[in-house]
1. Looking only at segment 221-240, count how many residues are farther than 21 Å from PHE447 by Cα and buried (at least 24 other Cβ atoms within 10 Å of the Cβ).
2. Across segment 354-373, what is the total count of residues that are in a loop (DSSP other than H, G, I, E, B) and either under 14 Å from LEU335 (Cα atoms) or touching a helix residue (DSSP H, G or I) at 6+ places or on another chain (Cβ under 7 Å) (or both)?
3. On the basis of being part of a loop (DSSP other than H, G, I, E, B) and not β-branched (Val, Ile, Thr), does ALA216 make the cut?
4. Given the residues THR351, THR376, which is the only one that is in a loop (DSSP other than H, G, I, E, B), polar (S, T, N, Q) and over 20 Å from LEU405 (Cβ atoms)?
5. If I ask for residues that are under 12 Å from GLY400 (Cβ atoms) and of a type in the set (Val, Ile, Thr), which ones from segment 335-348 would you list?
6. How many residues does segment 439-485 contain that are part of a helix (DSSP H, G or I), among the hydrophobic types (A, V, I, L, M, F, W, C) and touching a Phe, Trp or Tyr at 6+ places or on another chain (Cβ under 9 Å)?
7. Select from segment 374-393 the residues that are surrounded by fewer than 13 Cβ atoms within 10 Å (Cβ to Cβ) and of a type outside the set (A, V, I, L, M, F, W, C) and list them in ascending order.
8. Quick one: count up the residues across segment 151-174 that are touching a helix residue (DSSP H, G or I) at 6+ places or on another chain (Cβ under 6 Å), of a type outside the set (Val, Ile, Thr) and modelled with pLDDT of 90 or more.
Amino acid sequence: MSERVRRGFGEGLSPAMTAGLIVLTAAVGLGLAFWPGVAGTLILVAIGTLPLLRSPRPLLLAFAVFLLLQDPLQVLAGGDTPLGLLIKRADEPLVVAMGLLCVLFHRDARRALGPAGLRWSLVACFGGILLSSIPIEAWFPAAVDITLFSKPFCLFLIGTTLAVTTESLETARKWVLPVMLATVVFGVVFLLAPRLQDAYIGAVRAPDERLGLLSAQGFFIGPGTYSWFAVATFALAYVGYLQRRRRTDLVAAIVAAAFVVLSWRRKSILAVLAMVLVTLLVRGTRGSRGRAFALLALAGIFAVTVFAPYALALWNSTLTEYGSSDPYGTARSALYYTSVLIARDHFPLGTGLASFASHASKLYYSPVYQEYGLATMYGLSAHDPEYITDTYWPMVLGEGGIVCLIGYLAFLGILARVSWKLARSGEDLPGGSTIPMLALMLLVGSFIESMASHIYGSSLQASLVMMPLGMMWRVAIDRDSRSRSGEDS
């Protein structure tokens, strides 16, 4: 069993698999727009046969393809039908199972938990939310919630099993960015032909509109997942541009950033800007800073000449929506305010699992909303709980208290500090500072995104952050091991 699992987390990617994935992505994109039945068959066959193909990493590859295509699979299965809901919920047990397999059978995942700071931050994080849940009154909702809560940490552990070498990075660059960029650019199909989008997703969820314009969301069910996927694509292309100075990477970064704007998600647009600013602070050479400023200038010119009227309307909409001093003016501000009240009333713990601002508290409506007067608010009521997961940190503070929040922030802070250090002085690392810089950009961008979305609770979105962070953490541990070995010798 152990050897089989190790083989599933092996290294490398065959050229045939690379070509197959690119062709599959193109076929699925066209199929979803014009031949949904054919596309659905292709997806099912591909996922079913991927583990059987001659790939050194079949388990992780099949897992990644499933996360990418989970939304279209659900749509093709009928949306909220029993099969569609099964596909929708399949990622949670998959992520947790793979995280446990990593801990049990992969030495590098266990090494990742070795440093005391990271280990104690996780103890505080999980200890806070578990202690807050004693005594557990409803076991099943609590089990659902702890599974969802564990997802980002399991994805981090999965990332630590991926060995980073210069060769593996070069191999990955040949297929990861093209597949991600193709997924992002596919969004233009539904922007130009909204009737196709209505036919594709209309029965599951109405296409999102902002400022009277259709939001780009590609084949994903919502624009939130699409916008963050585009942000991650931008980060990958931009890091490649900074490292290799290739115009193709710069073009890819600009295209991805443009589609982030076309999603009209304010937090995602801010995430892209924050990522560029981070590179300006980290990069120490005049040339790299000049390239970063050049990209900012191009983006600014593009925004002013093309999107200025819409940007002004978006700003006015933001002021109208969040400019009120009333903490109960919007569902999101009410969640933040109430989480502080909960942390005060239950100090130093919270109200426990499945009780506040989590998906489980939405599925199994929590009495805490009634207790704190939120049950009558639009988007937070039992009949209309759509906005309960509209942000992330109120869940951490409300359910786990200040102990859990401090542990979670300490976990992210440790990763941010190490990735910052390696990005500034990691030119001797495999692939240079590519992985640390990418991890730092994604962490900063995701933290901004988490202020107004449940990003760490979404498997695809969280995997695009936590797995690169896990890879960065393994690079740091390997570097420390080499340093100690050199000192001992």
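1. 0
2. 9
3. Yes; evaluated as a whole, the condition is true for this residue.
4. After ruling out the rest, the residue left standing is THR376.
5. Once the filter is applied, which keeps residues that are under 12 Å from GLY400 (Cβ atoms) and of a type in the set (Val, Ile, Thr), segment 335-348 yields only ILE342.
6. 12
7. Passing the criteria: THR376, TYR378, HIS383, ASP384, GLU386.
8. 7
The values are calculated or read from the model by the stated rules, or taken from the named source; none is laboratory data. Note that the coordinates shown come from a computational prediction; the quantities given were computed from them, not determined experimentally. Glycine also receives a Cβ, built like all others from the backbone with ideal geometry; neighbour counts cover every protein chain displayed.
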